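Okay, so here's the structure we're looking at.
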Amino acid sequence: MCRSANSDCVDSTNGVGYRCTCSQGYEGNPYLLDDRGCKDINECQHLDKYPCYGVCTNVLGGYKCDCHPGFSGDAIKNDCRPKDKFTLALKVVTGVSVGVFLSVFMCFWLYLGLQKRKLIRTRQRFFEQNGGVILQQQMHSGGGAGGFKIFSTEELEKATNNFAADRVLGRGGHGVVYKGVLDDNMMVAIKKSKMMEAAQTKEFAREMFILSQINHRNVVKLLGCCLEVEVPVLVYEFVSNGTLYHYIHGKEPNVEDIALDTRLRIAAESAEALSYMHSSASPPILHGDVKTANILLDDKLNAKVSDFGASKLAPTDEAEIATLVQGTCGYLDPEYLMTCQLTDKSDVYSFGVVVLELLTRKKALYLDGPEEDRSLVSRFTTSVKAGRHRELPDTQVRNEMDDEMLAEIAHLLMRCLSMNGEERPTMKEVAERLERLRRYQQHPWAEADRNAEENQSLLSMEQLNSNYQFRQHDVLDLEEVSTYTFSL
């Protein structure tokens with residue numbers, strides 16, 4: 001029998017039986033055990049029988065024959081050929097490139113991760129700095145804020161297509177307003193402010209919560225804000241028909257489209273909104289930048305007062321004084337310029353300019369015109385002093401308004417534009433007076449019989465002139481005003 005572990009049993013070729021042979025790669029006696037039986041052949045020592053024209057390596061039961069380094073092919077058949085140097089270099093370059101790419105990718109991925117964490121920390125810092133935690137607490141303790149929402153930066157970027165230039169609705173002294181579309185397809189106006197004083201930042205959360213409580217048909221609704229940026233972003237309801245400024249001073253203004261009743265209604269609604277902010281809001285709210293560009297019109301030409309960029313809560317401390325005069329040239333209260341203290345009468349003065357602009361369709365300030373015609377207020381007061389105030393309104397107003405009504409409006413405006421704030425009426429009084437004038441313009445015969453006060457004739461020209469023998473300082477001096485610092 002075959003005793004060696006490296007032997008094979010095969011049939012006999014010359015009769016019945018079998019015979020033993022060593023396995024391929026082995027030699028010796030297959031009938032013996034262990035080392036005395038079949039042993040491995042070292043083919044590398046017998047190249048005459050086991051040819052190899054390269055590097056020979058013995059293995060149990062056989063051998064390996066490889067081409068020398070730099071060559072490839074079949075070394076047993078003497079068919080080794082030099083390798084393609086370009087292919088080798090390409091493999092080396094490819095390997096190195098892949099390694100470098102993976103290294104750069106990993107570094108970039110780590111950089112993005114660090115930047116993302118840094119951005120999250122920055123947003124959280126701004127959120128806390130802008131009073132986000134306080135605002136959230138106020139909203140929860142107050143049972144909500146009438147739909148007021150704190151938006152994330154991503155939400156507003158998505159709504160405005162990353163604040164694209166084609167979404168800009170307008171630019172003003174306090175920032176840029178963008179048109180936005182929220183996830184629920186609601187259209188909004190999103191305002192990015194340019195700057196904010198440190199003192200304003202401390203009070204921002206409290207003021208936002210109070211402003212969010214305003215619910216008046218003639219005030220643009222504040223829907224929310226974003227506090228994850230250095231200067232908070234405000235989100236307002238979208239008003240479709242643009243500003244009163246563009247309605248009055250459009251490129252091709254159509255006088256017939258602005259009837260006297262429409263002008264009086266816009267003025268009365270705007271006055272009602274400011275009166276609400278001064279008298280009904282708790283605490284009272286001062287706008288601080290009343291102008292035609294901050295009065296919006298909806299599709300039915302209803303007025304909505306907007307842009308609380310300069311607004312502030314009425315000061316509880318009489319010593320509280322603004323560190324920077326804010327507002328717009330042509331509308332600024334002269335007393336505010338001198339004292340740096342914003343009051344409700346400052347809004348009254350600015351609103352007087354708005355009504356004057358609405359009735360005359362002339363801009364509040366013409367810096368390129370003659371010195372005596374630069375200020376609309378100055379032109380108006382000069383005209384009243386000379387008894388020529390009927391010449392200032394545009395043709396349509398002069399045609400639709402009788403002398404008594406024009407004299408009454410001139411009287412009201414002169415009170416609003418008084419250099420002394422104490423002599424100005426309150427916005428509530430202005431709103432009531434404008435509404436009364438509007439009713440008179442619609443139904444003069446009915447208004448005349450309404451009550452004893454209204455039975456009196458509207459001021460005559462003689463009364464107007466006698467009541468306003470103006471002192472020299474009552475006329476705004478532009479050269480004197482120009483020495484002050486404005487925030488435009």
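Observations on the model:
- Karplus-derived 3J(HN,Hα), 6.51/-1.76/1.60, for each residue of the stretch 212-217, Hz, glycine and proline x: 5, 7, 5, 9, 9, 4
- Amide H contacts for Lys39 (H built 1.01 Å from N in the peptide plane; partners 5 or more residues away or on another chain; cut-off under 5 Å): Glu27, Gly28.
- Within the stretch 106-172, none of the trypsin sites (Lys or Arg not before Pro) combine a DSSP coil assignment with at most 10 other C-beta atoms in a 10 angstrom radius.
- Selection from Ser23, Gly70, Val55 lying farthest towards where the dipole of the stretch 7-82 points positive, charges on Cβ: Gly70
- Amide H contacts for Leu223 (H built 1.01 Å from N in the peptide plane; partners 5 or more residues away or on another chain; cut-off under 5 Å): Val235, Tyr236, Glu237.
- Rounded to whole numbers, the Karplus 3J(HN,Hα) couplings from phi for the stretch 241-249 are 9, x, 9, 5, 4, 6, 5, 7, 10 Hz, using 6.51 cos²θ - 1.76 cosθ + 1.60 with θ = phi - 60°, and x at Gly and Pro.
- For Gly175, the residues whose amide H sits under 5 Å from its own are Lys194, ignoring neighbours fewer than 5 places away on the same chain, with H placed 1.01 Å from N.
- Rounded if a/c under 1.5, otherwise prolate or oblate - the stretch 7-82, Cα gyration tensor axes: prolate
- Residue-span extension gain [Tyr366 to Phe71] - 0.36 nm each, minus C-alpha spacing: 97.1 nm
- In Hz, Karplus ³J(HN,Hα) per residue of the stretch 290-306 (6.51, -1.76, 1.60; θ = phi - 60°; x = Gly, Pro): 6, 6, 5, 6, 10, 10, 9, 10, 8, 5, 9, 6, 7, 7, 9, 6, 10
- Among 49-57, 378-386, the peptide with the highest mean count of other Cβ atoms within 10 Å heads the list, and the full ranking is 378-386, 49-57.
- Here r is the Cβ-Cβ distance between Thr122 and Asp166 and R0 is 25 Å; the resulting FRET efficiency, rounded to 0.05, is 0.35.
- Within the stretch 351-390, backbone nitrogen closer than 14 Å to the virtual label 7 Å beyond the Cα of Asp403 toward Cβ: 387-390
Read the figures in this text as sums done on the coordinates, not as results from a lab. Everything numeric here is computed off the predicted structure, so don't read it as measured data. Heads up, the Cβs are rebuilt from the backbone with ideal geometry, glycines too, and the neighbour counts pull from every protein chain shown.
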